[in-house]
């Protein structure tokens, strides 16, 4: 392969859309130009929220773009799902700055997947290696504390570890379609008392006068988004979180991504009262945002879990990832799943200390996942 140069691009829309299409997984809702450019344009992934685009782009000597590593210099840890708040605190106690840091990943999105978009017509391993080397150089040049690869694909972990990156582990709760057929078939895998509980929760919603519809992004008019956005924003505000997305951002994403956005909308006689906003690929449904204007018995479970499971069964999707955290998902059939992120810590002493911390943490995470699995509702043990 001819010589490769790595350059920094300060916005996703500075990369030719055709190159995004050529390098991104087909049908992926996040790894595409539309997702990154829309979030950056509306400041959900912009300086206002502490995200400064530093996408790494690999080109041949002839100018062919053969690799993209979407990356940001971050001024905080909001929306990156690295769970590194204690690391930042440790740096502060030692009089060292933790921010800014470099992160390669998806803004506001705890979904595992490729972080190196490379042209497989060339030597993908070589391109990936050069992108890794350039990221480490960037940390030194920009005087950053660290570089983090958030939730990379499993096949990328070994290359990152071989380059000195530490590996951290976390637990998410994910649903898997094991050939249940339909929702009744899914519940048939539950013992009777747990099956009755789910049906009782769904019946509460059905009898409350609330109706539920499922609509894709291309089926929602732009003038509907302000009302739907308010449900999301007021829920974030209620729990002291910052609503990074705007109504205009959601509307543009829906227009551009079309069927790759799925919105479950609950309404009563006065209009929408709750939403669950999801994204989808050809295989996976990703739950992202819940919002409501009140307290409605069991509606969160119905809209965020049961409707999503039923959708996956109808559409033939294999996996439903409803987002980070939430042990209450286990009793509804979401299986504990260990996910990983990788970290280059520039300071050698801090790298050693954090590495020791991660080594001690690993057995506890394995134990936690195994213990959580004992609370799954299925009549037989789920394997793998």
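Rule-based calculations on the coordinates, nothing more; no lab input. Computed from a predicted model, the values in this text were never measured in an experiment. Ideal geometry is used to build each Cβ from the backbone, glycine not excepted, and the neighbour counts take in all protein chains shown.
Report the Stokes-Einstein translational diffusion coefficient (µm² s⁻¹, integer) for region 289-345, Rh taken as the Kirkwood radius over Cα pairs, at 20 °C with viscosity 1.002 mPa s. Numbers along the way, then the final one.
On the way: Rh = 13.4 Å.
The estimated diffusion coefficient comes to 159 µm²/s.
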Checklist entry - Hey, can you rank 11-19, 169-177 by average C-beta count inside 10 Å, highest first? => result 169-177, 11-19
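Under the definition of Cα pairs under 8 Å and six or more residues apart, what whole-number percent is the relative contact order of the chain?
19
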Item to check | Rounded Å value of the spacing that divides the Cα centres of region 7-27 and region 310-337 | outcome: 30
Checklist entry - For region 178-317, what is the relative contact order in percent, using Cα pairs closer than 8 Å and at least 6 residues apart in sequence? => result 28
Checklist entry - Which whole-percent values make up P(r) of region 110-161 when all C-alpha to C-alpha distances are grouped in 5 Å steps starting at zero? => result 4, 18, 27, 24, 18, 7, 1
Checklist entry - What is the Cα coordinate range of region 250-356 on the first, second and third principal axes, sorted by size from largest, in whole angstrom? => result 61, 33, 29
Next on the checklist: Please report the spacing between the Cα centers of region 339-384 and region 156-181 in Å, no decimals.
Outcome noted: 10
Item to check | Euclidean distance of C-alpha centroids, region 190-267 and region 50-78, integer Å | outcome: 32
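Which whole-number percent gives the relative contact order of region 92-186, counting Cα pairs below 8 Å spaced six or more residues apart?
Details: 66 pairs, mean separation 34.4, N = 95.
The value is 36 percent.
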Item to check | Stokes-Einstein translational diffusion, region 178-317 - Kirkwood Rh over all Cα pairs, 0.692 mPa s, 37 °C, in µm²/s | outcome: 208
Checklist entry - Taking Cα atoms of region 1-127, Rg/Rh with Kirkwood Rh, to two decimals? => result 1.01
Checklist outcome for this item: Over its alpha-carbon atoms, the chain yields an Rg and a Dmax in Å of 21.6, 66
